[in-house]
Amino acid sequence: MNNKGMGALGLIGILLVAYFVFQSGALNTFFSGSQPAVPGQPAPGQPVCASSAETLTTKGFEKYTTTAIPNSEIWINGVDQGNKTDGSTTSVGIGSNVGVLYGHQSAIYFTDYATFKMPCAPASTADPLLSLGAHELLRADTNPATNGRWIFYNSDNGNINGITDNNTFGSGSSGSWNMELQFQNKRAYNPERVAKVLPNNQAVNSKMIATVELNTTVWDISQATWTEGYPVISNPSFSVLRGTANQLKTFELPACPRASETCLIKGTLNVKAKSGQNPAAVTDQDAINVTIVAEDFDLKTTGNSLNDIIFSYQDDLGNAIGIKQALSTLLTVD
């Protein structure tokens, strides 16, 4: 065939391809500037949902059970909606930013926090894909003697410290107690939280606060340490001292693991009497008072925005927050 024949055949081929492209609609798509729809998603330019808002149900549960938790605080696009009761519903715009403090101000559960975007469907704050697990709250154990133990073993004889078995100190001598603090039966005290960062970018790093109160006439407070090297932090503003000669030294102890059904925290508390001082349990004035305080989520005293959420053991005015039951024990000496 000559060149003209080859050109004619090529033109016929091009026309056939164009015909099938037109039939498939692909060329129309090309010239219109739109893109084909992705399977399972709406076509570009089409509304994401049939409606502009969907129903959000407030739910949450106690971890390891199906027990509903108390109220949760909810924010929609940063606007506080107040405390919502279990099962209550709210109409939320699709794609809105939702923030939830689960079990806010509960005296039973440790609060947790999550944020997510409202999906294109009715949703629940207990959906693990939205909350990432923050909707499952751990119950607070405020009595380790009932559901575990809080024991201090004397360094002089290894026995459990108590009124009938004191830890013996000589003048200017050193001593210690080996502590075992255990919560079990699927309870905890200041557990690790699912939330790791607050809206103001503050890190959520759960710790248990332990205050050690000593009579500084007798004890050298600078020598009060934990063998494990637990760090010293500022004393809580809300603490009340047992005696006018007493002072506090506050430490951060580890949090209870979230994934464990029992929590055991150990530590060795070291103390030293001042030179020429022989501690005695006279009206327990020389006894050492150890108190543990939980951290929790709360709002600043005068705030209700997402940036007012705090995670600590006291609020911006120095008041105890969250689970307000502090646990104390006296370490007796002679």
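The values are calculated or read from the model by the stated rules, or taken from the named source; none is laboratory data. Note that the structure is a prediction, hence the values are computed from the model and not measured. Note: ideal-geometry Cβ built from the backbone for every residue, glycine included; neighbour counts use all protein chains shown.
Take the conditions (1) surrounded by 22 or more Cβ atoms within 10 Å (Cβ to Cβ); (2) in contact (Cβ under 8 Å) with a residue 40 or more places away in the chain; (3) among the β-branched types (Val, Ile, Thr); ILE94 misses just one of them, which is (1). Does the stretch 304-317 contain any residue that is among the small types (Gly, Ala, Ser), closer than 15 Å to THR142 by Cβ and in contact (Cβ under 8 Å) with a residue 40 or more places away in the chain? For the stretch 304-317, residues among the small types (Gly, Ala, Ser), closer than 15 Å to THR142 by Cβ and in contact (Cβ under 8 Å) with a residue 40 or more places away in the chain: absent.
Among the residues of the stretch 317-329, none qualifies, meaning not one is closer than 30 Å to ASN201 by Cα and among the hydroxyl-bearing types (Ser, Thr, Tyr).
Scanning the stretch 236-248 for any residue that is farther than 30 Å from ALA114 by Cα and out of contact with any strand residue (DSSP E or B) (no Cβ under 9 Å at 6 or more places or on another chain) turns up at least one such residue. Is it the case that VAL240 is among the aliphatic types (A, V, I, L, M) and more than 28 Å from ASN147 (Cα to Cα)? When the stated conditions are applied, VAL240 does not pass them. Scanning the stretch 254-273 for residues that are crowded, with 16+ Cβ neighbours inside 10 Å and over 20 Å from ASN154 (Cβ atoms) turns up PRO254, ALA255, CYS256, ARG258, CYS263. Among the residues of the stretch 244-270, what is the count of those that are within 22 Å of GLY175 (Cα to Cα) and of a type outside the set (Val, Ile, Thr)? The qualifying residues number 12.
If only residues of the stretch 199-218 that are among the aliphatic types (A, V, I, L, M) and outside any loop (DSSP other than H, G, I, E, B) are counted, the one that is modelled with the lowest pLDDT is MET208. Just wondering, is there one or more residues in the stretch 179-198 that are loosely packed, with under 15 Cβ neighbours inside 10 Å, free of Cβ contacts under 8 Å to residues at least 12 places away in the same chain and in a loop (DSSP other than H, G, I, E, B)? There is at least one residue in the stretch 179-198 that is loosely packed, with under 15 Cβ neighbours inside 10 Å, free of Cβ contacts under 8 Å to residues at least 12 places away in the same chain and in a loop (DSSP other than H, G, I, E, B).
Residue selection: ASN161 fails the criterion of being among the polar types (S, T, N, Q), surrounded by fewer than 20 Cβ atoms within 10 Å (Cβ to Cβ) and at pLDDT 90 or above. Please find, within the stretch 97-123, the residue that is surrounded by the most Cβ atoms within 10 Å (Cβ to Cβ) out of those that are in contact with a Gly (Cβ under 9 Å, 6 or more places away or on another chain) and farther than 30 Å from GLN184 by Cβ. Out of the qualifying residues, it is MET118. From the list SER222, SER239, SER260, SER234, the one residue that fits, being closer than 26 Å to ALA140 by Cβ and free of Cβ contacts under 8 Å to residues at least 12 places away in the same chain, is SER260. Restricting to the stretch 281-311, what's the tally of residues that are buried (at least 16 other Cβ atoms within 10 Å of the Cβ) and in contact with an Asp or Glu (Cβ under 8 Å, 6 or more places away or on another chain)? Counting residues in the stretch 281-311 that are buried (at least 16 other Cβ atoms within 10 Å of the Cβ) and in contact with an Asp or Glu (Cβ under 8 Å, 6 or more places away or on another chain) gives 11. For the stretch 205-247, a residue qualifies if it is among the aliphatic types (A, V, I, L, M) and either crowded, with 18+ Cβ neighbours inside 10 Å or touching a Pro at 6+ places or on another chain (Cβ under 9 Å) (or both), and the qualifying residues are MET208, ILE209, ALA210, VAL212, LEU214, VAL218, ALA224.
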